[in-house]
Amino acid sequence: MMTNSLTRTRAEKAPLIKVESRNELSFTFQIKGKAFQQGYLFLNPQMKELFPFNEDLCSVTFIDDDEITHSAIYHKMRGYMVCLTFNEWWEKKKVNEGDTVAIEMLDLANRTYRLRLMNGAGVKTPVDAGEKVELRIASQVNAAISYSDHNLEVLRRIVKGEFSPFRETSLIQLGEELAAGICSEELLSLKTCFGVSTYFHQVQTARMVMDKLNGRALLADEVGLGKTIEAGLILKEYLLRGMAKKVLILTPASLITQWQQELKTKFDLSFKNHLEINDWEDSDLVIASLDTAKSQKNQSTVQKIKYDLLIVDEAHKLKNKKTKNWKFVNSINTKYLLMLTATPIQNDMIELFNLISILKPGHLSTVQKFKDEFLAERDKRLPKNSTRLREMLSDIMIRHRRADTLIKFPQRFVHTHAVDLNPDEAELYRELTDFIRKRYFTLPTHKNPRGINRLTLILLQKLMGSSTHALAKALDKMIASNFYKDDFDHSLKRLLDMARNVKHSKKGQVMMEIVKSLNEKVIIFTQFRGTQDYIVKMLEDEGYSVAVFNGQMSQVDKDRCIEEFRRDKQILVSTESGGEGRNLQFCKVLINFDLPWNPMRIEQRIGRIHRLGQNDDVHIINLSARDTIESYVLELLDKKINLFRLIIGELEMILGNMHSKRTLEQIIIDIVTMSPNQDAMKRKFKTLGNKLEKALQTHNDITRAQEEIFNGE
Amino acid sequence: MVNKIQELVFSFMDMVNIKRSEIESGIWMARIPAAEQAFFNGFENLKFTFDREKAELHRDLELICEGSFLLRKIIERLAELPRVSRLFSLKAPAVPPQGPSHELRVVSDNVYYRPRVVFNFKVQFECDQRREKLFSVVADTASEALGVEEGLYTIDMTEYSEAPQAGLKISESNTDILRLYLQACQKLEDSLVDDITELQDWGNEQCQENLKVFEAYLDEQKQELLKKKENVSFHLYFFQKEEEIDRLIDNLEEERKRKYSELKDKFSVRVKIGLVNSVVLYTPTVGVASHKPRKASDRLVMMPAFASSQGCETRSAIQ
């Protein structure tokens, strides 16, 4: 109390400075006494008007004639400022007591003022008050340093005597100490990712990208070595260390959901796709297809944003410098950039040059020089000076081969059981397929909206391929809905009666025989809940312990189910949904009770048990009814591209070589629905098989070429 | 580390009135009050664990560990709280340290509290890479000495109490807290010079290296284009070709500017200094160092907090 009154009284009674002139933006005053030299500026009421701030304490910056910055703290309540460098200014300008000093407001928002000596030895000609000055808010020692606004609030508490219990003060300290301890050399992302076994080569990649490659790299591991995991580790590490905030992932549209799921389940990162965001600028974690991002609607917005990290999956799509894709990605402003592809070269070494040019332009010199130095004359896929090229690539590209990692990749054994349907099942199958083929050409129209739509027809066909029980359940629902009338209704009822009359499922019988012959844990996959119920009942009737997993279960129930399967139960019956990222490597036998037409889903099923971390060979058992669509699909995938023997990720690359805008499932659907009869369908499947064979051949050629380029083998 | 994380999380929950109970060994359930639900991602009941293995088995559990987002959020939230405390030493009175002018010590039988101020700082260095360091600056108001140490100041609470000893009074100090803070900042900045210079050198080197490669790339491209332009003969079609080449050269210039600013931004050094908290430590002291007569301006600015603190009367140290 005493000090307050003392200061006020003295300041009012004997001000140490006298204002000589004043206007709205400046004032001049005569220096008296030693206070200013010692770093204090006492303000009288006239001068205070130029510092109209509300806070008790605030930072004020003075810039002198030599553009040197002086940082001060203004104590509003007491009406003075402290600045440790006023003294330096005093000495440099050779200020004497009695000299006049001017203070001009430059930028009220940034609290920046001009400090000028008006007379005396070191005076320069006054400049116009409106003159533009480059503003720099800086520390006393180094322009790179800035102070948090929060500091003054801490200081204010001391000044005002607002002390807190020490447990609160020390809690903040504990937090900071933990944060500092956490920011160690170890990868933080490893500690918080789930359902993923990380391998040495993945951790090595993450470290290398962050420590040596300045966060810009081409991740070009061979398929199956987990490039997505590597990118996820780097991404999460940057986020956890506060080095990245705005992240954009560009991926083919078909992989958006898979990326979102993987990032959520494995790294607890919630990325939003373009449909889930209102504003690209306001969203920090965004995933989009390259086509969406470069669309007319979004392109300029994306180009304006300063990203911290950009991840481009399937980066081989940027192999051509003349394409919009290349130009667009090259124009995105980003601090860190990861490009993922297992095939940086597909047809031409220049493709590799173009990819590297986005990451680090000039790293491989110009196109002409690159061609001269590294391209063999006859084959544009083959390099010369490959040792030198590999050396240069090691500064920007990371590629691991399966052979280098020493990871034991267990084998896949596939066992296909071709089942002859029972006569009643076969008849139902034929009837239904005919029904679908006919109905496909009388799809609902404006005039006849009550027809069965395309998706429903396809669904009925798939249900039949799964089990008559699933089909009966669906038909029952359709009829009960009262939507399908007249002849549709009649046909549906007939099919339902036939389905109900099927007494025994041949596939069910075969499955039971297989299960009986096994004395270990088994996962049985089906696409449909109706089939799942049927399988579970059949198994339980025979006394098997069964765990049931499907997408309708809560997270807690799913956890419990997997845990029960791991501990006690012999069989898990699962629909595909919701299983991503769950660790099921303790099981090594998988039965495909039915077969999805989308091979990627088959691969996902296999991937649940055949993944990094599986130590035993894996057995995949397919149940396929002879002369059904499923059997044709199975033949395509097994015989033409060896789906069941491929490595995870390889299938996608092979299918990519088909260069089709439609997915394989869409092509299959078209074959099924557009073929007038069974023979025509078989022919079309054969043609598709040939295309797949070619795609596999291309894939093998590319793999060989890359081996030669990157490994000299 | 786990114990410290647990301690932090539980203390934080206590601070914001969140009740919790251990529902299974190593698994806790916290009831989140409405006001805090937004902070906890909308959870009304939060099930959490500090054990990774448990979190692997029960995927509905929030894992709080090194690197978890919730832990980071809690630390960030705590860091936003401006907190200062004062502590009183339980040690026997000691003579005050000598000031900068090595004044005489005047010893009397009067015992009083002499303040020292601890400023705990967090320094964040950013330049393509990012790291943090913690520092403490202890300012002795009697000796005017400031010492910088790496790491936050550790206080052994067995040696301090939050309440002063009866009968002991707090000395009036002539030190200005704002000045003291600025001096502490200056001292800290001095100690950071080597770190910053090293980082700036690294950043400049990296930036120059990248720019050099990039400039050469653009220049060569430009030369190739100019060479093409020279070979264009005089025909309307070729005039168009020339225009196209000029446009490509302009594009290169644009590219140069864009990349230059991107690289500068990536490799520029930014150092942010935050005051984590501050603690005023009072030490029982007997006698004072005799000061030179003070000038009027010196006496004007004082540490009002120390003088006006609740329950403490202010008086001169020299009786």
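Computed on chain A, with alpha-carbon pairs under 8 angstrom and 6+ residues apart, the relative contact order is 9 percent.
Protein heavy-atom surface of the range B:196-266, 1.4 angstrom probe: 51% of the accessible area is carbon and sulfur, with nucleic acids and ligands not counted. Solvent-accessible area per residue in the range B:4-79 equals 49 Å², computed with a 1.4 angstrom probe and all protein chains kept. The A:D568 and B:S161 beta-carbon pair, evaluated with R₀ = 56 Å, returns a calculated FRET efficiency of approximately 0.45. What's the carbon and sulfur percent of chain A's accessible surface, probe 1.4 angstrom, rounded to a whole number? About 48 percent, which is the carbon plus sulfur part of the accessible surface.
Centroid-to-centroid, using Cα positions, the range A:235-256 and the range A:270-289 are 11 Å apart.
Mind checking the full-extension length gain between A:K384 and A:K264? Use 0.36 nm per residue of separation minus the Cα-Cα distance, one decimal, nm.
Working: separation 120, 0.36 × 120 = 43.20 nm, distance 4.38 nm.
Length gained, A:K384 through A:K264: 38.8 nm.
For B:R20, A:R116, the ranking by accessible surface with the largest value first comes to B:R20, A:R116, using a 1.4 Å probe. Ordered from largest to smallest accessible area (heavy atoms of protein chains, 1.4 Å probe), the residues B:W202, A:W280 come out as B:W202, A:W280. Computed from label points 7 Å out along Cα-Cβ, the spacing between A:K18 and A:R454 is 9.3 nm.
DSSP beta bridges in the protein assembly as shown, what fraction antiparallel, as a percent rounded to 5? Roughly 55 percent of the DSSP beta bridges within the protein assembly as shown come out antiparallel.
Ratio of Rg to Rh for the range B:4-79: 0.92 [Cα atoms; Kirkwood radius as inverse mean 1/r over pairs]. When A:M674, A:M511, A:M392 are compared by accessible surface with a 1.4 Å probe, the order from highest to lowest is A:M674, A:M392, A:M511. The B-A contact accounts for approximately 9500 Å² of buried accessible area, totalled over both chains at a 1.4 Å probe radius.
Per-residue ellipticity at 222 nm from helix content only, as computed over the protein assembly as shown with -39500 (n - 2.57) for each DSSP H run of at least four residues, stands at -13000 deg cm²/dmol. The reciprocal of the average 1/r between distinct C-alpha atoms defines the Kirkwood hydrodynamic radius, which for the protein assembly as shown equals 34.7 Å. Would you list which lysines come within 18 Å of B:K229, measuring only between C-alpha atoms, while excluding same-chain residues fewer than 8 positions from it? Qualifying lysines at Cα under 18 Å: B:K241. Label separation (A:D557 vs A:N333): 5.0 nm, computed from points 7 Å beyond Cα along the C-beta direction. Near A:F409, no amide H atom lies under 5 Å from its own; only residues 5 or more places off or on other chains count, and H is placed 1.01 Å from N.
Quick check for you: with a 1.4 Å probe and neighbouring chains kept, what is the accessible area per residue of chain A, in Å²?
44 Å²
Residues of the range B:113-149 whose accessible area, computed with a 1.4 Å probe over protein heavy atoms, drops by at least 30 Å² once all protein chains are present relative to their chain alone are B:D128, B:R130, B:E132, B:L134. Exceedance of the 23 Å cut-off in Cα-Cα distance is limited, within the set A:K245/B:K272; B:K222/B:K259; A:K319/A:K640; A:K558/B:K47; A:K245/B:K73; A:K371/B:K228, to A:K319/A:K640. Across all C-alpha atoms in the range B:196-266, the radius of gyration and Dmax reach 17.0, 59 Å.
Which trypsin sites (Lys or Arg not before Pro) does the range A:622-679 hold that lie in a coil by DSSP with at most 16 other beta carbons within 10 Å? Numbers along the way, then the final one.
Numbers: sites: A:R626, A:K639, A:K640, A:R645, A:K661, A:R662; in loops: A:R626, A:K661, A:R662.
Here the trypsin sites (Lys or Arg not before Pro) that fit, given the DSSP loop and packing criteria, are A:R626, A:K661, A:R662.
Restricting the GluC sites (Glu not before Pro) of the range A:191-294 to loop positions (DSSP other than H, G, I, E, B) with no more than 14 neighbouring Cβ atoms within 10 Å leaves A:E276, A:E281. Accessible surface of A:T387, taken over heavy atoms with a 1.4 Å probe and every protein chain present, rounds to 100 Å². Per residue, the convex hull spanned by the Cα atoms of the range A:214-362 measures out at 109 cubic angstrom.
The values are calculated or read from the model by the stated rules, or taken from the named source; none is laboratory data. Everything quoted here is computed from the prediction, not taken from an experiment. For neighbour counting, all protein chains shown are included, and Cβ atoms are generated from backbone atoms with ideal geometry for every residue, glycine included. Quick note on the areas: whole protein, heavy atoms, side chains included, nothing else; ligands and nucleic acids left out. Shrake-Rupley method; radii C 1.70, N 1.55, O 1.52, S 1.80 Å.
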